[in-house]
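The values are calculated or read from the model by the stated rules, or taken from the named source; none is laboratory data. Here the structure is a predicted model, which is why all the values come from computation and not from measurement. Cβ coordinates were reconstructed from backbone atoms using ideal geometry, including for glycine residues, and neighbour counts include every protein chain displayed.
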Amino acid sequence: MKILVTGGAGFIGSHLVAALIQRGNEVRVLDNLSSGKHENLDGLPVELVVGDIRNWETVRQAVNGCDLVFHQAALVSVPRSLAEPQLNHDVNVNGAFHVFEAARQAGIKRVVYASSAAVYGDTPSLPASEHDRSNPMTPYAAAKLMNEEMATVYNHSYGREFVGLRYFNVFGPRQDPSSPYSGVLSVFCRATIANSGVTIYGDGKQTRDFVYVSDVVVANLAAADWAMDETHPVFNVGRGEQTDLLQILEMLRQQSGVALPVQFTAARAGDIRDSCADVTAVQSHLNYTPHVSIAAGLQKTLNWFV
């Protein structure tokens, strides 16, 4: 099978590409390398198309000849979406539309696309279920919700099988800690190796549902293989556990012997207080079970930084 992975040189995308190749697939990657890296694909027999999903013709040509699409390319940052809402819309809404429409025109039935737990906002009840009302609080969250609505329209109107995965807080090797918009665990892991201080926005007791990248890859593969039985298929991808940032720092201290100095500062605009996935639906429909504990994932990530 020939498969297109948008954002395939990025953090999650490159892990997905490796798994697809291991399955014997032919993989084409479309990535503008704004955050993705050539080295994430080193040693992998992939066709790399350096291009931007904001360009319709680029996307149309990239989709041509493929049987399946995984749409991972995005501007993945809540704070940056607040600072640059037009860029967020161009990439995360218009870019996603280009991918969906190009797939339709090419006769591709299945697209597995990355959505986000951000669509829930600061939900009053946890764990968050796919049946809960969405409450996007940022341009990024609104864009991801628009992707889901657009996918539903394509499924209803054009007989497509577009499946959305609401990622919670994904972490693991290749997550870039140098960006101001990086995932917090990559920042903490790099600081642990460098024995440097970290900044926590808030009191450190805010919770997240951290999920290791290989488990996210498993969910993507399951979504591609699924015999679809819904017209609005969107699934949470997390562990179904809440962990606060101070607990993460303690795990890292136990694993490394390094107690990081912490500077606390005001919570950032758009940041929610708590997050946790209800994984009932993804378990029952996709037979998904996360296999890597947070502690084991942190150790793997620390080892990657060394």
What number of residues in segment 248-306 are part of a helix (DSSP H, G or I), of a type in the set (Asp, Glu) and touching a Gly at 6+ places or on another chain (Cβ under 9 Å)?
0
Do you know which residues across segment 81-100 are in contact (Cβ under 8 Å) with a residue 24 or more places away in the chain and aliphatic (A, V, I, L, M)?
Leu82, Val91, Val93, Ala96, Val99
Only listed residue being within 22 Å of the chain's Cα centre (by Cα) and either of a type in the set (Asp, Glu) or not assigned by TED's automatic domain parsing to the domain that holds Lys109 (or both), chosen from Gln247, Gln299
Gln299
Boolean, Val78 is crowded, with 16+ Cβ neighbours inside 10 Å, within 17 Å of the chain's Cα centre (by Cα) and in contact (Cβ under 8 Å) with a residue 60 or more places away in the chain
yes
Go through segment 100-124 and report how many residues are farther than 20 Å from Gly159 by Cα and part of a loop (DSSP other than H, G, I, E, B).
4
Name every residue in segment 26-45 that is buried (at least 18 other Cβ atoms within 10 Å of the Cβ) and closer than 19 Å to Ala103 by Cβ, in order of residue number.
Val27, Arg28, Val29, Leu30, Asp31, Asn32
Any strands (runs of 3 or more DSSP E) falling wholly within segment 135-234 and containing at least 3 residues that are buried (at least 17 other Cβ atoms within 10 Å of the Cβ) and modelled with pLDDT of 95 or more:
161-167, 169-171, 210-212
Working only within segment 235-249, note down all residues that are surrounded by fewer than 18 Cβ atoms within 10 Å (Cβ to Cβ) and out of contact with any helix residue (DSSP H, G or I) (no Cβ under 9 Å at 6 or more places or on another chain).
Asp244, Leu246
